[in-house]
Amino acid sequence: MESAKREEPVLRHVEKDVLIPKLMREKAKERCSEKVHAFNECCKDSGFLMVLKCREQNTALKECLTVYYKDPAFYEECKQEYLKEKQEFVRTGVPTKNRQQKLPTSM
């Protein structure tokens, strides 16, 4: 049981409370993409009246996102993805957003 505790990396406050939730928001928006698109379209079409006209779309979007935010399995999935990215950064020194797969070119 102690070995399992040693294997689990210790996360800093900013990782637990900022970086992993940020990843969760990004992934949740991808998974709720239909509702995000519907809300965005409503806002574009409504202009300043979007607060009144887009309540239904906003509620649907918030409900969809909240399901993911409150899911412990989703948090764990995002945490593991974050740890994998962090490990890759430590190994290569290249941030995820700057990392591109370089394919060999034939001449």
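Observations
- Where labels lie 7 Å past Cα in the beta-carbon direction, separation of V10 and E56 in nm: 5.3
- Computed accessible area, T92, all protein chains, 1.4 angstrom probe, square angstrom: 60
- Structure note, pairs K53/K79; K62/K84; K29/K84; K35/K79: Cα-Cα distances above 32 angstrom occur for K53/K79.
- Scaled against 2.2 N^0.38 Å for its residue count N, the alpha carbon radius of gyration of segment 1-88 is 1.43.
- Note on segment 1-90: with neighbouring protein chains present and a 1.4 Å probe, carbon and sulfur make up 56 percent of its accessible heavy-atom surface.
The values are calculated or read from the model by the stated rules, or taken from the named source; none is laboratory data. Keep in mind that this is a model prediction, so the values were computed, not measured. Because the Cβ atoms are built from the backbone with ideal geometry, glycine has one as well, and the counts that use them run over all protein chains shown. SASA here: full protein model, heavy atoms, side chains in, ligands and nucleic acids out. Shrake-Rupley method; radii C 1.70, N 1.55, O 1.52, S 1.80 Å.
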